[in-house]
Amino acid sequence: MLQPVRKQIRVRGIVQGVGFRPFAFNLAQRLQLAGYVLNSSAGVLMELEGDPAQIESFLCELRENPPPLAQIEDISVENLDPVGYNSFSIRESVDVPGQLAPVSPDVSTCADCLRDFQTPGNRRFGYPFTNCTNCGPRYTITRMIPYDRPLTTMACFQMCEQCLREYEDPSDRRFHAQPNACRDCGPAITLSVEMARQLLREGRILAIKGLGGFHLVCDPFNDAAVQLLRERKKRSDKPFALMVRDVAAAETICIVSEAERAALISIRRPIVILAHRPDAPISQSLAPGNNTLGVMLPYTPLHHLLFDDACSALVMTSGNLSEEPIVTGNREAALLLGSIADAFLFHNRDIHTRVDDSVARVFAGQERVLRRSRGYAPHPITLGFPVAEVLACGAELKNTFCLTKDHHAFLSQHIGDLENYETLTFYRETLDRMQRLFRIAPKVIAYDLHHQYLSTKLALEMTDIQKIGVQHHHAHIASCLAENGIADKVIGVAFDGTGFGADGKIWGGEFLVADFEGFERRAHFRYVALAGGDRAVREPWRLALSYLLDTFGAQIESLDLPLLRRIPAKKIATIRSMIERRINSVETSAAGRLFDAVASIVGIRDEVNFEAQAAIELEVCAQPSVEASYPFEILTGSPWQIDVRPMMEQLVRDVVAAKSVGWISAVFHNTVVAIVVEVCLRLRSEEHIDRVCLSGGTFQNVYLVERAVASLRAEGFQVFLHSKVPPNDGGISLGQAVIANAALKS
Ligand code: ZN
Ligand code: ZN
Ligand code: FE
């Protein structure tokens, strides 16, 4: 053996609660190295003493084969003089005040635990809270860091002798698995699984306590049960998600590609949006008007227990009253869900942090998160540059907020629409906890310019903090830049339903030339009137009327359009005068509103029950093989205005001529693609920028986004989309945070 050396090694990233210390212990044993390993609030700290070649092997193994859940960001190595350690030990956790240590998201049950759980005779056979260092609850049970059992909601369960032995044995898979438990010592459920299954078979609705909150559960093959759930939940036609027994069960209901399969079985276990098989014998009330279904696989042992040969799928929708946060406490559930559920399946492991199911979809070649929550949060987005401690408040709908520190952006889990007191309370509570958990004390706060957003009001109320207002669509594009690691100027195409503009109007069909420092608004859809503000959002026919008046003026009266017969003449007259006299009518350039208008003109729907419903149904019917598009004009000036009146003229003619809705929808979508490409081409010839970022809720439209990406690439553009954060307003907070950081630097 060569002269022994000693090295101190610091590992940063997600390295706690992921089996890192037993990994280090076992590796050190194997390589005959002495020293120690410990968890600190700044990451994992190790000292290794022994043969230099063996230490090299250790480092090599650490880099190439770390524990499966670890996400190493940085390994630093320092040389020290040997002190003569004679063994390798795991030392007590130490806390380094002020230092950051990311908390792991919750992880779905691993294959080893599933085997324990499914093997008769194993002491965890059928035990619904089986977990190990590679899986189980994390963020939802963590009260404080460092991540140790007394600081989790498992503190009240005293481990039995056998569990404790596992917990203390570095060679065991459950070594320091903080939620480690068994039937003798751990949490338990209140309703027998047999009873739960029987009630579900009988068409009853169950409230089941899960990992991040309650679910409302029923049999998706029983239409009456699904309709009853809709009625009781007062949710008219927003889709319900399904949980299926396994991938094979998913395939009987939906079409599953290779990439979608990978998303389904990933340890994050999001709800994956899949194409629905039209012949699947499933209730038509699950996702009315939609050709997709949200499907997820079981992610806790309790979920696995619910399925058997007779049960391959269950409706699993968030246990909440409409638009309120998902319910987490037993008492709260009994109170709030009592009028919806026929029975409850409770358990006694407390959910400290409320976390909804995440939603992802595979398009344009990869998994893209649309709602970032369980399994993803609070894992940070790593930025390629150092950032100050900033709080970005996010937007109003699908809210998340974002805290930055070091070179991390910590997005909160999905908070929801900040429209009621309960959601605002959830926001405040989560903000408070995340600030403590990640030890971030922001001196700067970024907010949306819309003064009516509750998140903005919250920001403006704060004292002793520097405030930076960020334009909504600039934030969308900056968010896309940040997650793609781009620092240069790009052409940013931001299409969504609404966002407060720098001119006081409602933007949402925007072409920006932007970077973190600023933006220039270079083109937008021509303004039309949003008659009655929010009412116009709920009643797309009002937008249709705006576009028709804009296009045809007084000649609208001679149009033989079904829409104008469907809506009572008196209503039309009222709204028409509002539009013409600009009473209670702000102007909007939002692309989302154009989709609404077209959906109404072609006869899909005149009123919506949830955001983007009309646009989704318009997309669903678009025929994929159509190549045609409608004409449009780009009016020069500063900024350019995109004039869709030529399109409207022909589109209305096609509707009057009773051409198929599917054909018209496709031609309309193709027109929007052509607009994106044409404006980008013109901007490139002036700016010499060939990078394009597509962001905003409208780019969840798969028909639109896949064609836009293909056409832009065919013209030689480099196109960037979201994948780590949502393209919708759930991604706004990240953009706000990086913009505020840039403002601080300049
Ligand atoms: Zn496990
Ligand atoms: Zn036990
Ligand atoms: Fe938006």
**Contacts under 9 angstrom Cβ, first residue in the stretch 232-253 being at negative phi and without any contact (Cβ under 8 Å) to a residue 60 or more places away in the chain, partner among the basic types (Lys, Arg) and part of a loop (DSSP other than H, G, I, E, B), 6 or more apart** = 251/277
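A quick yes/no check of all residues on (1) hydrophobic (A, V, I, L, M, F, W, C); (2) surrounded by 19 or more Cβ atoms within 10 Å (Cβ to Cβ); (3) free of Cβ contacts under 8 Å to residues at least 24 places away in the same chain:
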site	(1), (2), (3)
282	yes, yes, no
309	no, no, yes
323	no, no, no
326	yes, yes, no
332	no, no, yes
358	no, yes, no
368	no, yes, no
**Request:** Pick out the one residue from 496, 503 that is more than 18 Å from residue 731 (Cα to Cα) and either within 13 Å of ligand 3 (Cβ to nearest atom) or in a loop (DSSP other than H, G, I, E, B) (or both).
**Result:** 503
**Complete:** Out of (1) assigned by TED's automatic domain parsing to the domain that holds residue 162; (2) over 27 Å from the mean Cα position of the chain (by Cα), the one residue 225 does not meet is (1)
**Prompt:** Within the group 140, 109, which residue is open to solvent by less than 50 Å² (accessible area, probe 1.4 Å) and outside any loop (DSSP other than H, G, I, E, B)?
**Reply:** 140
**Request:** Taking residue 171 as the residue in question, decide whether it is within 16 Å of ligand 1 (Cβ to nearest atom) and more than 30 Å from the chain's Cα centre (by Cα).
**Result:** yes
**Asked** Limited to the stretch 484-497, what total is found for residues that are touching a helix residue (DSSP H, G or I) at 6+ places or on another chain (Cβ under 7 Å) and open to solvent by 10 Å² or more (accessible area, probe 1.4 Å)?
**Response** 1
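Could you list, in sequence order, the residues of the stretch 701-735 that are under 14 Å from the mean Cα position of the chain (by Cα), surrounded by fewer than 24 Cβ atoms within 10 Å (Cβ to Cβ) and of a type in the set (S, T, N, Q)? Reasoning before the result, please.
From the stretch 701-735, those under 14 Å from the mean Cα position of the chain (by Cα) are 722-734; that's our starting set.
Retained after the next criterion (residues that are surrounded by fewer than 24 Cβ atoms within 10 Å (Cβ to Cβ)): 723-724.
723 - this is the single residue of the stretch 701-735 that is under 14 Å from the mean Cα position of the chain (by Cα), surrounded by fewer than 24 Cβ atoms within 10 Å (Cβ to Cβ) and of a type in the set (S, T, N, Q).
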**Request:** Pairs only if they're at least six apart or on different chains, beta carbon under 7 angstrom, first in the stretch 633-661 and free of Cβ contacts under 8 Å to residues at least 40 places away in the same chain, second part of a strand (DSSP E or B); list them, first residue then second.
**Result:** 633/643; 646/633
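So that you can scan it fast, the table gives a plain yes or no per residue for (1) over 30 Å from residue 502 (Cβ atoms); (2) aliphatic (A, V, I, L, M); (3) assigned by TED's automatic domain parsing to the domain that holds residue 636:
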residue	(1), (2), (3)
530	no, yes, yes
539	no, no, yes
550	no, no, yes
560	yes, no, yes
578	no, yes, yes
590	no, yes, yes
598	no, yes, yes
616	no, yes, yes
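Can you tell me which of 192, 93 is without any contact (Cβ under 8 Å) to a residue 12 or more places away in the chain and hydroxyl-bearing (Ser, Thr, Tyr)? I'd like the intermediate steps shown before the answer.
On the way: 93 fails: without any contact (Cβ under 8 Å) to a residue 12 or more places away in the chain.
Just a single option satisfies the conditions, and that option is 192.
Tell me the residue from 516, 552 that is more than 16 Å from ligand 1 (Cβ to nearest atom), farther than 21 Å from residue 451 by Cα and assigned to a loop (DSSP other than H, G, I, E, B), please.
Values: 552 fails: assigned to a loop (DSSP other than H, G, I, E, B).
That would be 516, the only listed residue that is more than 16 Å from ligand 1 (Cβ to nearest atom), farther than 21 Å from residue 451 by Cα and assigned to a loop (DSSP other than H, G, I, E, B).
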**Item:** the stretch 140-166: number of residues that are within 16 Å of ligand 2 (Cβ to nearest atom) and either more than 27 Å from residue 97 (Cβ to Cβ) or among the hydrophobic types (A, V, I, L, M, F, W, C) (or both)
**Value:** 13
**Test result for residue 704, of a type in the set (A, V, I, L, M, F, W, C) and more than 27 Å from residue 395 (Cα to Cα)** = no
**Odd one out for residue 90 among (1) in contact with a Phe, Trp or Tyr (Cβ under 9 Å, 6 or more places away or on another chain); (2) farther than 27 Å from residue 406 by Cβ; (3) more than 16 Å from ligand 2 (Cβ to nearest atom)** = (2)
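Among the strands (runs of 3 or more DSSP E) confined wholly to the stretch 1-105, which include 1 or more residues that are over 31 Å from the mean Cα position of the chain (by Cα) and surrounded by 18 or more Cβ atoms within 10 Å (Cβ to Cβ)?
5-14, 34-40, 43-50, 88-90
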**Asked** What are the residues in the stretch 433-483 that are assigned to a loop (DSSP other than H, G, I, E, B), of a type in the set (A, V, I, L, M, F, W, C) and within 22 Å of the chain's Cα centre (by Cα), if any?
**Response** 438
**Request:** Would you mention how many residues in the stretch 65-121 are within 16 Å of ligand 1 (Cβ to nearest atom), β-branched (Val, Ile, Thr) and closer than 22 Å to residue 25 by Cβ?
**Result:** 1
**Fill in**
Result of the Cβ filter at 6 Å on the stretch 693-718, keeping first residues that are touching a residue at least 12 places away in the same chain (Cβ under 8 Å) and partners that are polar (S, T, N, Q), at least 6 apart or interchain, is 697/728
**Prompt:** Of the residues 514, 536, which is more than 16 Å from ligand 2 (Cβ to nearest atom), in contact (Cβ under 8 Å) with a residue 24 or more places away in the chain, crowded, with 20+ Cβ neighbours inside 10 Å and within 30 Å of residue 606 (Cβ to Cβ)?
**Reply:** 536
**Asked** Only one of (1) out of contact with any strand residue (DSSP E or B) (no Cβ under 6 Å at 6 or more places or on another chain); (2) within 16 Å of ligand 2 (Cβ to nearest atom); (3) in contact (Cβ under 8 Å) with a residue 40 or more places away in the chain fails for residue 179. Which number is that?
**Response** (1)
**Fill in**
For strands (runs of 3 or more DSSP E) lying entirely in the stretch 166-247, having 1 or more residues that are within 16 Å of ligand 3 (Cβ to nearest atom) and surrounded by 15 or more Cβ atoms within 10 Å (Cβ to Cβ) picks out none
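Out of 115, 123, which single residue is open to solvent by 10 Å² or more (accessible area, probe 1.4 Å), of a type in the set (Lys, Arg) and either touching a residue at least 24 places away in the same chain (Cβ under 8 Å) or within 21 Å of residue 373 (Cα to Cα) (or both)? Don't jump to the end; show me each part of the working.
Details: 115 fails: either touching a residue at least 24 places away in the same chain (Cβ under 8 Å) or within 21 Å of residue 373 (Cα to Cα) (or both).
Result of the check over 115, 123: 123.
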**Prompt:** Does the stretch 200-217 contain any residue that is within 14 Å of ligand 2 (Cβ to nearest atom) and over 21 Å from residue 346 (Cβ atoms)?
**Reply:** no
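The values are calculated or read from the model by the stated rules, or taken from the named source; none is laboratory data. Everything numeric in this text was worked out from a predicted model, so none of it was measured. So basically every Cβ, Gly included, is an ideal-geometry build from the backbone, and we count neighbours across all protein chains shown. Accessible surface is based on the protein model in full, side chains and every heavy atom, while ligands, DNA and RNA are left aside. Shrake-Rupley method; radii C 1.70, N 1.55, O 1.52, S 1.80 Å.
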